[in-house]
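The values are calculated or read from the model by the stated rules, or taken from the named source; none is laboratory data. In this text the structure is predicted, and so the values were computed from the model without any measurement. Glycine also receives a Cβ, built like all others from the backbone with ideal geometry; neighbour counts cover every protein chain displayed. Just so you know, the surface numbers come from the protein's heavy atoms only, side chains and all, with ligands and any DNA or RNA stripped out. Shrake-Rupley method; radii C 1.70, N 1.55, O 1.52, S 1.80 Å.
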Amino acid sequence: MAVQLKKKKSATPPGWSERFTAFKRVVTHGPAFDRANLDAVERCLRLRSKGREGARAVVNIASVHIPSFCERSKSSLQRPYMNAYDLEAAGVALGDRKVVSKTRRRVDAMLQDLHRSRPEDIYFAAVELNGSGIAFYGDICLVLMSGKVPDETIVLDRNSYDLDQEPLAGIIRAQAESNPTKNILAPLSGKWRADVAMMGAIKVVGADWERERRLTTGQISDRLLDDEDYMEVLKVGSFSTADLEAARLALADVATEDYIEREYANGHLAPDHATLLWSHQRRKAISALRKAEVPTNVVRTSGRIKR
């Protein structure tokens, strides 16, 4: 449910603190559970100056690329983790497709007034809590240390590719004669430290309006990043293994890998090149991460567990 704010004479859109207050004002007149859940999500995602609590920026990468990432980190290269522009500059080919698509360039042109950096210097991440990131982009989830994401880093409240899809694409085109960045994009963006908890709280609670139950930590984590519906971090500059808090592995992938190796060793699995190659790449990736002293954690559940 979207919260409608009264239009002001000022052309400056309301900030996330003001929007969070307005959202809270609305839910105050609704069920008490909404108020409690909104506060719970904000506290859960809030970044602390000390400790491991709060949201994290994560990047998913296919296991086949992990060893080279670790090697570039070890060699202290300027851009150990490579974005699409880096890959294109390095001559990486994706069949008949260009590494940096026309859609990517259109969206990057829209975003430039927000982060005020070159598109080539932006490295996209997602806001995560306890999960293993976006599997579509890769089976290894790299978790950046909170302190490695500058406080002023721009965060979108959605996947930036949404800007090239309706209805936002049409709205932005209609604003071409004015200032689409200020009028359309600014309300969709905030700052890493100051706004990400409030942005996440509105996303999570607003998606499940008038709930008659308390949200659990696992539900908060699942709704913060649901399939490809996530909050996007526009990090300026690459990162290395030294900037990682951990690498997270999805339980389903770990179980599948174990099944493949066990069944193949016992002669119960027909040789399948693609399957065996994936399993081999996973072993090499995890080995490279351990040599780089990056902790690898298996995400058994996105909620709390007793150990």
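Table: residues versus (1) assigned to a strand (DSSP E or B); (2) open to solvent by less than 20 Å² (accessible area, probe 1.4 Å).
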site	(1), (2)
Val205	no, yes
Gln219	no, no
Asp222	no, no
Val233	yes, yes
Ser238	no, no
Ala242	no, no
Leu249	yes, yes
Ala252	no, no
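Within the option set Glu263, Glu212, Glu232, Glu228, being under 30 Å from Lys148 (Cα atoms), out of contact with any Asp or Glu (no Cβ under 9 Å at 6 or more places or on another chain) and of a type outside the set (Phe, Trp, Tyr) holds for one residue only, Glu228. Of all residues in segment 32-52, exactly one satisfies the criterion of being touching a residue at least 60 places away in the same chain (Cβ under 8 Å), more than 20 Å from Arg304 (Cα to Cα) and open to solvent by 60 Å² or more (accessible area, probe 1.4 Å), namely Phe33. In segment 287-307, how many residues are over 17 Å from Gly133 (Cα atoms), open to solvent by less than 100 Å² (accessible area, probe 1.4 Å) and not in a loop (DSSP other than H, G, I, E, B)? So the answer is 3.
So if I check each of Phe136, Phe124, which one is under 14 Å from the mean Cα position of the chain (by Cα), under 22 Å from Leu244 (Cβ atoms) and loosely packed, with under 13 Cβ neighbours inside 10 Å? Don't jump to the end; show me each part of the working.
Details: Phe124 fails: loosely packed, with under 13 Cβ neighbours inside 10 Å.
The match here is Phe136.
Close Cβ contacts (under 6 Å, 6 or more residues apart or on different chains) running from residues in segment 246-271 that are farther than 19 Å from Cys141 by Cα to residues that are surrounded by 11 or more Cβ atoms within 10 Å (Cβ to Cβ) and aliphatic (A, V, I, L, M) comprise Glu263/Leu269.
Can you spot a residue in segment 178-187 that is outside any helix (DSSP H, G or I) and modelled with pLDDT under 95? For segment 178-187, residues outside any helix (DSSP H, G or I) and modelled with pLDDT under 95: present.
If the condition is being surrounded by fewer than 13 Cβ atoms within 10 Å (Cβ to Cβ) and touching a helix residue (DSSP H, G or I) at 6+ places or on another chain (Cβ under 6 Å), then segment 139-186 contributes only Asp151.
Considering only residues that are assigned to a loop (DSSP other than H, G, I, E, B), open to solvent by 70 Å² or more (accessible area, probe 1.4 Å) and on the phi < 0 side of the Ramachandran plot, which ones fall in segment 98-121? Can you show your working first?
Going residue by residue through segment 98-121, those that are assigned to a loop (DSSP other than H, G, I, E, B) are 98-101, 116-118.
Retained after the next criterion (residues that are open to solvent by 70 Å² or more (accessible area, probe 1.4 Å)): 98, 116, 118.
Once the filter is applied, which keeps residues that are assigned to a loop (DSSP other than H, G, I, E, B), open to solvent by 70 Å² or more (accessible area, probe 1.4 Å) and on the phi < 0 side of the Ramachandran plot, segment 98-121 yields Lys98, Arg118.
The set of residues in segment 78-97 being free of Cβ contacts under 8 Å to residues at least 40 places away in the same chain and surrounded by 13 or more Cβ atoms within 10 Å (Cβ to Cβ) consists of Ala84, Tyr85, Leu87, Glu88, Ala89.
Can you pull out the residues in segment 195-240 that are of a type in the set (S, T, N, Q) and touching a Pro at 6+ places or on another chain (Cβ under 7 Å)? First the steps, then the outcome.
Of segment 195-240, the ones of a type in the set (S, T, N, Q) are 216-217, 219, 221, 238, 240.
Ser238, Ser240 - these are the residues of segment 195-240 that are of a type in the set (S, T, N, Q) and touching a Pro at 6+ places or on another chain (Cβ under 7 Å).
Among the residues of segment 53-75, the ones that are more than 19 Å from the chain's Cα centre (by Cα), open to solvent by 60 Å² or more (accessible area, probe 1.4 Å) and in contact (Cβ under 8 Å) with a residue 24 or more places away in the chain come to 3 in all.
On the basis of being under 21 Å from Phe136 (Cβ atoms), out of contact with any Leu (no Cβ under 8 Å at 6 or more places or on another chain) and open to solvent by 30 Å² or more (accessible area, probe 1.4 Å), does Ala274 make the cut? Against the criterion (under 21 Å from Phe136 (Cβ atoms), out of contact with any Leu (no Cβ under 8 Å at 6 or more places or on another chain) and open to solvent by 30 Å² or more (accessible area, probe 1.4 Å)), Ala274 qualifies.
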